[in-house]
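Input: a single structure, listed below in structure tokens.
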Amino acid sequence: MKLIEEGKISGSQFMWLLVTVVLPTAVLFIPALTIKEAGASAWISGGVVATFWGILVVWIASTLGERFPGMTLVDYSGQIIGKFGGKMIGAYYIFVLVHGIAVITRQFGEFLVTAFMPETPIIVFHIFLIALAASAVRNGVEVIARMNHFVVSLMFFSVLFIFSLVFGEWNFNNLLPILEEGIGPVIKGAFIPMSWRGQTVLLLIFMPYLNNYREARPAAYKAVVMLGIILAAEIIICLAVFGQLAANYVFPAHALASYISVGGFIERVEAFILALWVAGITMKVSIWYYSATVLMARTLNLQDYKPLVLPLGVIMLTWSMTLFDNIRQLVEWFNESGPAFFMSWEVVLPVLLLIMAVLRKKGGVKSGK
């Protein structure tokens, strides 16, 4: 079945795409939200429980995708539940992706306004981000994958840089006692990082563009484990430096960067970290944006996705400005509505599609054969 574009990506590029699907916003928000619920055991919530959940999501999504190699989500949904049902699945995922981009864009704007440029209208940052991402989307999946490989490498460097420079401030007594209030708070604290880790379900969009679709599963597992290690380490270091007061910071990673002072020589590194993070968030939005446009093009039976880039960008920009009144509402949404919303498309729909595909004997390629 002919895809909307002919671009192809390697297993390594696929892995880094999935890392970027989650990481740029997760490093900003997850530590505070998780520590607030799980306290000193938050690293178990964000690094262990959420990682096992991410592995489950990858198993479900890759098993579904492997049954229909080279086919898009809309196409095999149509085979499983009928053409109209497939279009409805496509429409729902388009809604989810556009909504997700609006939320990510608002996160981006709120962070810059709160931490760096409070006098600048937030819409300026939103326009900047959407315009950069739109340019990347129009260049196709291969360009996005190559750019992302470079940017995510710099992001890893910045994370390691921050962690190493605050080493002298670590106090591991802040991590004790473990499981002081039992497993309940750990499970409750895991819901938000679980919903973030589940965003790797976007592998369903990119599997058809792999040179070898069988590389999807191992690459996605590597991405989930890598994310688990990074986010667990970040939560541990936030606790080691700030203790449970880290829950009071909206952006603990930025607070860590601001905290760095080495011999009066290395200071104010947060501006350097900001530049790398802006590049990372641009790639994240580009990946989501590309997913939304190609999915919409397939749902509407278009031969080219590029005419959709501008109108979708306008919708995303408008929605990003109207979804929330302030950053408090944004954080409350993540705490209250976010996990259920994310899990509906990360797990529930893929599971239902997979079960129906098995029961109706749809799809000719099964995992492990």
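No value in this document is a laboratory result; all are computed from the given coordinates. Fair warning: this is a prediction, and the values are worked out from it, not measured in the lab. All Cβ positions, glycine included, derive from the backbone under ideal geometry; neighbour counts span all protein chains shown.
Things to note:
- Taking the number of Cβ atoms within 10 Å of each Cβ as an exposure proxy, the fewest-first ranking of Ile30, Ile60 is Ile60, Ile30.
- Rounded to 0.05, the FRET efficiency of the Trp170 and Glu6 pair, given R0 = 56 Å and the Cβ-Cβ distance, is 0.65.
- Compared with the dominant Cα axis of the chain, that is its longest principal axis, helix 50-67 is turned about 10°.
- In this structure the amide hydrogen of Leu210, modeled in the peptide plane, comes within under 5 Å of the amide hydrogens of Ile9, none closer than 5 places in sequence on its chain.
- Length added when fully stretched, Ala91-Leu160, from 0.36 nm per residue minus Cα-Cα: 20.9 nm
- Using a Förster distance of 56 Å, the FRET efficiency for Phe128-Lys361 (Cβ separation, nearest 0.05): 0.70
- Here is how the number arises for the chain: DSSP H runs of 4 or more residues each give -39500 (n - 2.57), the sum is divided by the residue count, and the result at 222 nm is -23000 deg cm²/dmol.
- In order along segment 113-129, the phi-based Karplus estimate (6.51 cos²θ - 1.76 cosθ + 1.60, θ = phi - 60°) of 3J(HN,Hα) comes to 5, 5, 9, 10, 10, x, 8, 8, x, 4, 5, 4, 5, 5, 4, 4, 5 Hz; Gly and Pro are listed as x.
- Calculated P(r) of segment 62-221 - Cα pairs past 21 Å, %: 68
- Between helix 184-197 and the chain: long-axis angle, C-alpha atoms, 0 to 90°, nearest 10: 50
- Between the alpha-carbon centres of segment 85-109 and segment 119-181 there is a gap of 21 Å.
- Helix 270-299 vs. the chain, principal-axis angle (Cα, 0 to 90°, nearest 10): 20
- Sorted fewest first by neighbouring Cβ atoms within 10 angstrom, Ser320, Ser164 come out as Ser164, Ser320.
- Pairs of Cα atoms nearer than 8 Å and 6+ residues apart set the relative contact order; for the chain it is 40 percent.
- Exposure proxy ranking, count of Cβ atoms within 10 Å, fewest first, for Val48, Val159: Val48, Val159
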